[in-house]
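Some notes on the structure that comes next.
The values are calculated or read from the model by the stated rules, or taken from the named source; none is laboratory data. Quantities reported herein were computed from a predicted structural model and do not represent experimental measurements. Here the Cβ positions follow ideal geometry from the backbone for every residue, glycine too, while neighbour counts run over all protein chains shown.
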Amino acid sequence: MNSIPSSYELETRAADERRRLDSSFHELKNRMKEKLDLRRNAEDFARQHTAEASTVAAVLGLILGYNAAGMFTRH
């Protein structure tokens, strides 16, 4: 029983480890690309917060309209 691994075993382990690292790197790269995709993230954000954005826009419109009307009606 030889306790020292042969060079073939070491090369095989190194090649397996390189493949695993390469796979992990590509998976991480793809995840980061997805997380940093501004267009998709903006669409998701807008889809999730449509009601809030509509409410804010309506309130701002009412405030601006009231102030604009006030400019013409005040003496």
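Counting only residues that are among the aliphatic types (A, V, I, L, M) and exposed (fewer than 10 other Cβ atoms within 10 Å of the Cβ), which one in the range 1-52 is modelled with the lowest pLDDT? It would help to see each step written out before you state the result.
Here is the first cut: in the range 1-52, the ones among the aliphatic types (A, V, I, L, M) are 1, 4, 10, 14-15, 21, 28, 32, 36, 38, 42, 46, 51.
Pick out the ones that are also exposed (fewer than 10 other Cβ atoms within 10 Å of the Cβ) and you get 1, 4, 36, 38, 51.
Working: 1: 52, 4: 85, 36: 89, 38: 86, 51: 93.
Per the stated criteria, the residue is 1.
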Scan of the range 1-48 for residues that are under 18 Å from the mean Cα position of the chain (by Cα) and not in a helix (DSSP H, G or I), ordered by number: 36, 37
